[in-house]
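Participant: This is the structure, below, for whatever I ask next.
The values are calculated or read from the model by the stated rules, or taken from the named source; none is laboratory data. Because the structure is predicted, anything quoted here is derived from the model rather than measured. Here the Cβ positions follow ideal geometry from the backbone for every residue, glycine too, while neighbour counts run over all protein chains shown. SASA here: full protein model, heavy atoms, side chains in, ligands and nucleic acids out. Shrake-Rupley method; radii C 1.70, N 1.55, O 1.52, S 1.80 Å.
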Amino acid sequence: MFPSNVFEDIFANTDAIKYTPPEKRALYDHEKTAVFSAGLKDSDRAFLYILYGCGLRRGEALALTVFDINTKLLTLTVNKAQELTNNTASTKDPKSKNGYRTLPIPSKVAPVIVNYVNARRSYGKTYLFTMRNGKPVTKSCYDKMWARIIRALQDASEEPIAGLTAHVFRHNYCTNLCYQIPAISIKHIAKLMGDTEKMVLDVYNHIILEKENAVSAVESAMNF
């Protein structure tokens, strides 16, 4: 407890901490090119293609099993996530009830994902991504895997690969879906993302506004 005058003296000359959140961006063109041209290990390529084609959170992708992929219908089901720590990994529920979802696997990435899943099944494996000892991926193991992926992407790109995280792939997924409006609704985008419509509007409204053409819309609506 501080007397009010002491409290005021302490905080009167204290600047508030300025926090700048990391930029939410989509993939750059040279990063997209590198994703599909880099010399990646089979497991790294499958992980990266799942991020790219399905927009999963990192923990959701790491928790996938062979039973979550329908190789005939080309769908992927999210019903759990993996929580990472340095020494252990544990399975938990998705971030929210919206996190439970089934997604289409795009044809661009489907062959790699299907082949990888079938290979895991043939080896009697359940989880798609594990450490060498077969146990779930820990934080330190993931960091090594991601560093390996970045090195492979950089080797395939003449431009720097910087600031690229798994979450950038998620933003890229949603950004590109938003550019498909009105072929797809905001409600359906939110469903695919495992999030709320409010989140899509709050984060990606600038993209939606870019697509709007009020003059053209009024002309079309009133032209009968």
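Participant: In the stretch 165-193, how many residues are more than 19 Å from A147 (Cβ to Cβ), small (G, A, S) and either at pLDDT 95 or above or surrounded by 15 or more Cβ atoms within 10 Å (Cβ to Cβ) (or both)? Steps first, please.
Facilitator: Filtering the stretch 165-193 for residues more than 19 Å from A147 (Cβ to Cβ) gives 170-193.
Remaining after also requiring small (G, A, S): 183, 185, 190.
Those left that are additionally either at pLDDT 95 or above or surrounded by 15 or more Cβ atoms within 10 Å (Cβ to Cβ) (or both): 190.
Matching residues across the stretch 165-193 total 1.
Participant: Further question on the same structure: Would a scan of the stretch 195-213 turn up a residue that is surrounded by 13 or more Cβ atoms within 10 Å (Cβ to Cβ), of a type in the set (S, T, N, Q) and either at pLDDT 95 or above or in a helix (DSSP H, G or I) (or both)?
Facilitator: The answer is no, given that none of the residues of the stretch 195-213 is surrounded by 13 or more Cβ atoms within 10 Å (Cβ to Cβ), of a type in the set (S, T, N, Q) and either at pLDDT 95 or above or in a helix (DSSP H, G or I) (or both).
Participant: Write out, first by first residue and then by second, each pair whose Cβ atoms fall under 7 Å of each other, whose residues are 6+ apart or on separate chains, and whose first residue, in the stretch 156-175, is touching a residue at least 12 places away in the same chain (Cβ under 8 Å) and within 18 Å of L103 (Cβ to Cβ) while the second is open to solvent by 70 Å² or more (accessible area, probe 1.4 Å) and part of a loop (DSSP other than H, G, I, E, B).
Facilitator: From residues that are touching a residue at least 12 places away in the same chain (Cβ under 8 Å) and within 18 Å of L103 (Cβ to Cβ), the pairs are H171/K24.
Participant: List the pairs whose first member sits in the stretch 127-140 and is closer than 13 Å to L62 by Cα, whose second member is open to solvent by less than 40 Å² (accessible area, probe 1.4 Å) and among the polar types (S, T, N, Q), and whose Cβ atoms are under 8 Å apart, counting only residues at least 6 apart or on separate chains?
Facilitator: Y127/T65; L128/S43; L128/T65; F129/S43; M131/T138; P136/Q82; V137/Q82
Participant: Next question. Which residues, taken from the stretch 121-139, are within 15 Å of T88 (Cα to Cα) and open to solvent by 50 Å² or more (accessible area, probe 1.4 Å)? Even if it seems obvious, please write down each step before you answer.
Facilitator: Going residue by residue through the stretch 121-139, those that are within 15 Å of T88 (Cα to Cα) are 129-139.
The answer is R132, N133, K135, P136, K139.
Participant: Sticking with this structure for a sec: From the list A162, A152, A156, A147, which one is surrounded by 13 or more Cβ atoms within 10 Å (Cβ to Cβ), of a type in the set (G, A, S) and more than 30 Å from N70 (Cβ to Cβ)? It would help to see each step written out before you state the result.
Facilitator: Details: A162 fails: surrounded by 13 or more Cβ atoms within 10 Å (Cβ to Cβ); A152 fails: more than 30 Å from N70 (Cβ to Cβ); A147 fails: surrounded by 13 or more Cβ atoms within 10 Å (Cβ to Cβ).
The match here is A156.
Participant: One residue is enough: does the stretch 80-92 have a residue meeting the conditions part of a helix (DSSP H, G or I), at pLDDT below 95 and under 22 Å from A190 (Cβ atoms)?
Facilitator: Of the stretch 80-92, the ones part of a helix (DSSP H, G or I) are none.
No, that holds for no residue.
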